[in-house]
Every structure is written in structure tokens, then in C-alpha cells.
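J.: Structure in C-alpha cells, see below.
The values are calculated or read from the model by the stated rules, or taken from the named source; none is laboratory data. Nothing here was measured: the structure is a model prediction, and the numbers come from that model. Cβ sites come from the backbone with ideal geometry, for glycine too, and all protein chains shown count toward neighbours. The protein model used for the area step is the full one, side chains on, heavy atoms only, and it has no ligands, DNA or RNA in it. Shrake-Rupley method; radii C 1.70, N 1.55, O 1.52, S 1.80 Å.
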Amino acid sequence: MIRFNYPYITGNEMSYIEEAIHNGRLAGNGEYTKKCQRYFEDRWGFKKTLLTTSCTDALEMCALLLDIQPGDEVIVPSYTFVSTALAFVRQGAKIVFADSGKKHPGIDEEAIEGLISPKTKAIVPVHYAGVACNMDRIMELANKYNLFVVEDAAQAIDSYYTGRDGVQRPLGTLGHLSAFSFHETKNIQCGEGGLLGINDERFMKRAEIIWEKGTNRAEFFRGEVNKYGWVDTGSSFLPSELTAAFLWGQLEQLDQIQRCRKDIWNRYKSNLNNLTEEYSIRLPTIPEFATNNAHMFYILCNNIQERTGLIQHLKDNGVMSVFHYLSLHESLYFRDNYRGEELYYSNIYANCLLRLPFYVNLTPQDIKTISELIKDFYGRY
Ligand SMILES: *Cc1c(COP(=O)(O)O)cnc(C)c1O
């Protein structure tokens, strides 16, 4: 059987965990946590980063940092994971859902302006499949209407955006704040984990306090204050050193992992390319301003019946494939409160997008088998 996901292990994780145990310090904000954070800061130029127990937690920290209050509005794409919206809902925000683009599952940048009201506080673009949204357009709107931008960069490690100024910048460094995930399904993983990226200096000090249960503990350990105590709201958003040590074993091999993943992506693409004309299925497209970090490979079927049939055909032959999000505005939790328009493209991706198995240990033979099964299905369909 070919699984849909298989978390890749570099082989160094255990020795770093053993070292953390040997050092005798296992709570959060230790040496491995700092190592992981420094990696992001030094390599990609974040002003500050904080390791969290998940991307969901990092997004919740964003909602606290932006001081989201009941009645504030936050613009979020409907085609995304629950956490993108839920982190703000927990602070009482009203979620205003935006449609996806015609050519890409990410937010339709041109739909955003019509959703902005005097109550709008933030826009949360999601870099779906690690492919950048049009950040110049989004930041332009944020500046015009005085809004914050939180990038949901859960899938976007080591992916970039080239701005109108011709400069290429890492995703997660463009908005005021950003959130990454190290869930076992992501490119770099530690089971469950995440990271908050801070690009606006106004949030740096408070983020550290919110991260450590509303206390100024971090300042205390740096010797900047001589007592530490309760100074703000917050929670326990930091992971233990065991998690950080595992993550370090992955991060230091990012480039090797990325090379493998890009090879897998390119193999799928070249194997399946000729199906696009024959059967009018679509493969992922990467806009000029974006890069591809090989987070996932998906195909867009023509309709939901076709997709259901293909999932079954693959399953019957031992290959696990999965569809992705259901539109959040039509979810059980939200749909009774939804007052907006029909989100046409979001529903198309919800019904037609199919994700193929994608992990470092997938062999060229596996990819060939999967591609042949897809061709076989369309040949008969
Ligand atoms: C995976 C993912 C999340 C959630 O990440 P966790 O680390 O599991 O909390 C949020 N948003 C998007 C777009 C994701 O893909």
C-alpha cells in the first residue's frame, strides 16, 4: 500500500533529544528552542520568531497580539484549514470569508477590498500549497485601510515572493505577523509544532510575554528586570525542549529534504502533464511572483463524481489519496451564521481538488505507479 503521508525522519532527531535530556533542561525556551528560532531569524531575516506547540497556537497568539475584540472583522479565505478562522473566532471576531482565485486555491486578492468595512481589523492570507498570494496587492490594501496582515504560512517554509520592486522575500516575512506549522504532514515536522514570525517591532516585547503565560519571564532570564510575574494575558504557547530538539534534527537538513520534495513534484508534473489536454484535468500552477516549495501535489478533477471515482480507483489499487478542505463558510460550525455571497471557486476546490501521496520516502517507482493508475482511470472514465 502507498500511504498518503509518511513523516520523514532524518536520523539525527534521537541524538539531539538525548543531548537535551543529558543537559538536564527540558522545559521550553532552552538551547534547542533558541537554535530553531535563530535559524529562521538568520536565514530568512525575521525580526523575531517564537517556537510554538502548533501553527494554531501561533495564530492564536496573533489574535491576542492584534488585540482582536468582539465585533472586530477579520478577512479569511473560506478554502483553508479551520485554525485560520478559529484562532480569531476565539477572541470574538466576526469572520468575513473571501473566495479563492480562479487559477489558484489561495485567496482572490481582488475580492478583498469589497469585504473591508470600518470594523475590519486584519487580513489573513493563506499561502496554499506553499505558493505565495499576491502580497503587494494585499499589503497595499492593508496600508490603504490601516489593517494588519497575518500570513498563514503553515505550508510555506522555504518559499518566496518576488515583489514589484524585483526583490525576492521569504514568505512569512511580508505581513506584520506570520504562523508556520511543523505538523507531521508539513515539509519540516516534529509531530506537532509551529512558529510565530514577528516582522513588526511593536509586537516583539508583548509576544514574548503572551508566549510565557502572561509573565515577563524571558526578560527576567536575560537580566533585564529583577523580578518576574504576571504582567499581561497569555498562555503556555511554548513547546518543550524535546520537541525543539527533534525539530532541530529536521531543520538542519532542510535543503536536502527540499531537494527530494522538488524532485517528487517534478516527477508527478512530467508524468501527468499530458492528461491536462486530453481529459481537461488541471495541475497546480505557480504564478510568476511565487516559488514552489513542493509542499504538495494536487490535481483538479472536473467534478466531485469524477474525483470520488478516482479516489476509489486509487484505493482499490492500494494508493491512498485525499481531498482537502471543505469550504469553511459551509461548515457545520459556521453555515447557519453565514450571510455572505456564494463562494464559487472555494467550492470548486472543495469538490474537485485531489492531493496525491507526497513524502520524502516516496520512490520514483511509486510515483510511476500512481501516475499510471490515474491515466488508467481517465482512459476508461
Ligand atoms: C496545517 C495547517 C494549519 C494548522 O497547523 P497546526 O500546526 O496543525 O496547528 C493551519 N493552516 C494551514 C493552512 C495549514 O495547512
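J.: Mind counting the residues in region 124-146 that are at positive phi and touching a His at 6+ places or on another chain (Cβ under 9 Å)? Don't jump to the end; show me each part of the working.
T.: Taking region 124-146 and keeping what is at positive phi, we get 129-130, 146.
With the extra rule that they be touching a His at 6+ places or on another chain (Cβ under 9 Å), the set shrinks to 129-130.
Residues that pass the stated criteria total 2.
J.: Test each condition in (1) open to solvent by 20 Å² or more (accessible area, probe 1.4 Å); (2) near the ligand (Cβ under 10 Å from one of its atoms); (3) not hydroxyl-bearing (Ser, Thr, Tyr) for Arg169 and report the one that comes out false.
T.: (2)
J.: On to the next question. Quick check on my filter: what residues within region 62-84 are open to solvent by less than 10 Å² (accessible area, probe 1.4 Å), of a type in the set (A, V, I, L, M, F, W, C) and within 12 Å of the ligand (Cβ to nearest atom)?
T.: Within region 62-84, Cys62, Val76 qualify.
J.: For region 110-123, check the following and say yes or no: at least one residue is on the phi > 0 side of the Ramachandran plot and surrounded by fewer than 21 Cβ atoms within 10 Å (Cβ to Cβ).
T.: In the first step, residues of region 110-123 are kept if they are on the phi > 0 side of the Ramachandran plot; the result is none.
No, that holds for no residue.
J.: Could you list, in sequence order, all residues of region 260-291 that are open to solvent by 10 Å² or more (accessible area, probe 1.4 Å), in contact with a helix residue (DSSP H, G or I) (Cβ under 8 Å, 6 or more places away or on another chain) and either part of a helix (DSSP H, G or I) or closer than 17 Å to Leu373 by Cβ (or both)?
T.: Answer for region 260-291, where residues must be open to solvent by 10 Å² or more (accessible area, probe 1.4 Å), in contact with a helix residue (DSSP H, G or I) (Cβ under 8 Å, 6 or more places away or on another chain) and either part of a helix (DSSP H, G or I) or closer than 17 Å to Leu373 by Cβ (or both): Arg267, Asn271, Glu278, Tyr279, Leu283.
J.: Are any of the residues in region 92-102 open to solvent by 30 Å² or more (accessible area, probe 1.4 Å) and within 14 Å of the ligand (Cβ to nearest atom)?
T.: No, that holds for no residue.
J.: Can you run down the residue pairs with Cβ atoms below 6 Å, 6 or more apart or on separate chains, where the first is in region 52-80 and under 20 Å from Asn199 (Cα atoms) and the partner is within 12 Å of the ligand (Cβ to nearest atom) and open to solvent by 30 Å² or more (accessible area, probe 1.4 Å)?
T.: From residues that are under 20 Å from Asn199 (Cα atoms), the pairs are Ser54/Glu192.
J.: Moving on. Any idea which of (1) closer than 20 Å to Glu341 by Cα; (2) of a type outside the set (Ser, Thr, Tyr); (3) more than 15 Å from the ligand (Cβ to nearest atom) is the one Pro125 doesn't satisfy?
T.: Unmet for Pro125, out of (1) closer than 20 Å to Glu341 by Cα; (2) of a type outside the set (Ser, Thr, Tyr); (3) more than 15 Å from the ligand (Cβ to nearest atom): (3).
J.: Going by what's in this entry, would Gly130 be described as among the small types (Gly, Ala, Ser), under 29 Å from Leu238 (Cα atoms) and open to solvent by 20 Å² or more (accessible area, probe 1.4 Å)?
T.: Working: among the small types (Gly, Ala, Ser): yes; under 29 Å from Leu238 (Cα atoms): yes; open to solvent by 20 Å² or more (accessible area, probe 1.4 Å): no.
The answer is no for Gly130.
J.: What number goes with the only condition from (1) within 18 Å of the chain's Cα centre (by Cα); (2) at pLDDT below 95 that Asn274 does not pass?
T.: Going through (1) within 18 Å of the chain's Cα centre (by Cα); (2) at pLDDT below 95 one by one, Asn274 breaks only (1).
J.: Can you tell me which residue in region 175-205 is most open to solvent (accessible area, probe 1.4 Å), limited to those that are more than 24 Å from Glu241 (Cβ to Cβ) and away from the ligand (no atom under 16 Å from the Cβ)?
T.: From region 175-205, those more than 24 Å from Glu241 (Cβ to Cβ) are 175-177, 199-203; that's our starting set.
This time we only want the ones that are away from the ligand (no atom under 16 Å from the Cβ), so: 176, 199-203.
Details: His176: 32, Asn199: 25, Asp200: 25, Glu201: 121, Arg202: 168, Phe203: 18 Å².
Within region 175-205, the match that is most open to solvent (accessible area, probe 1.4 Å) is Arg202.
J.: Related question: Of the conditions (1) loosely packed, with under 15 Cβ neighbours inside 10 Å; (2) of a type in the set (Val, Ile, Thr); (3) in contact (Cβ under 8 Å) with a residue 60 or more places away in the chain, Ile257 fails just one. Which one is it?
T.: (1)
J.: Pairs under 6 Å by beta carbon, first residue over 15 Å from Arg267 (Cα atoms) in region 341-363, partner of a type in the set (S, T, N, Q) and not in a loop (DSSP other than H, G, I, E, B), six or more apart or different chains?
T.: So the pair list comes out as Tyr345/Ser100; Ser346/Ser100; Tyr349/Ser100.
J.: Can you tell me how many residues in region 210-242 are buried (at least 21 other Cβ atoms within 10 Å of the Cβ) and more than 16 Å from the ligand (Cβ to nearest atom)?
T.: Within region 210-242, the first condition is being buried (at least 21 other Cβ atoms within 10 Å of the Cβ), and the residues that meet it are 210-212, 237-239, 241.
Subset that is more than 16 Å from the ligand (Cβ to nearest atom): 210, 212, 241.
Counting residues in region 210-242 that are buried (at least 21 other Cβ atoms within 10 Å of the Cβ) and more than 16 Å from the ligand (Cβ to nearest atom) gives 3.
J.: Take the residues in region 1-50 that are among the acidic types (Asp, Glu) and farther than 20 Å from Glu201 by Cβ; name whichever of them is surrounded by the fewest Cβ atoms within 10 Å (Cβ to Cβ).
T.: Start the filter on region 1-50 by keeping residues that are among the acidic types (Asp, Glu), which leaves 13, 18-19, 31, 41-42.
The next check asks that each one be farther than 20 Å from Glu201 by Cβ; those that pass are 13, 18-19, 31.
Details: Glu13: 17, Glu18: 11, Glu19: 14, Glu31: 15.
Ranking the qualifying residues of region 1-50, first place goes to Glu18.
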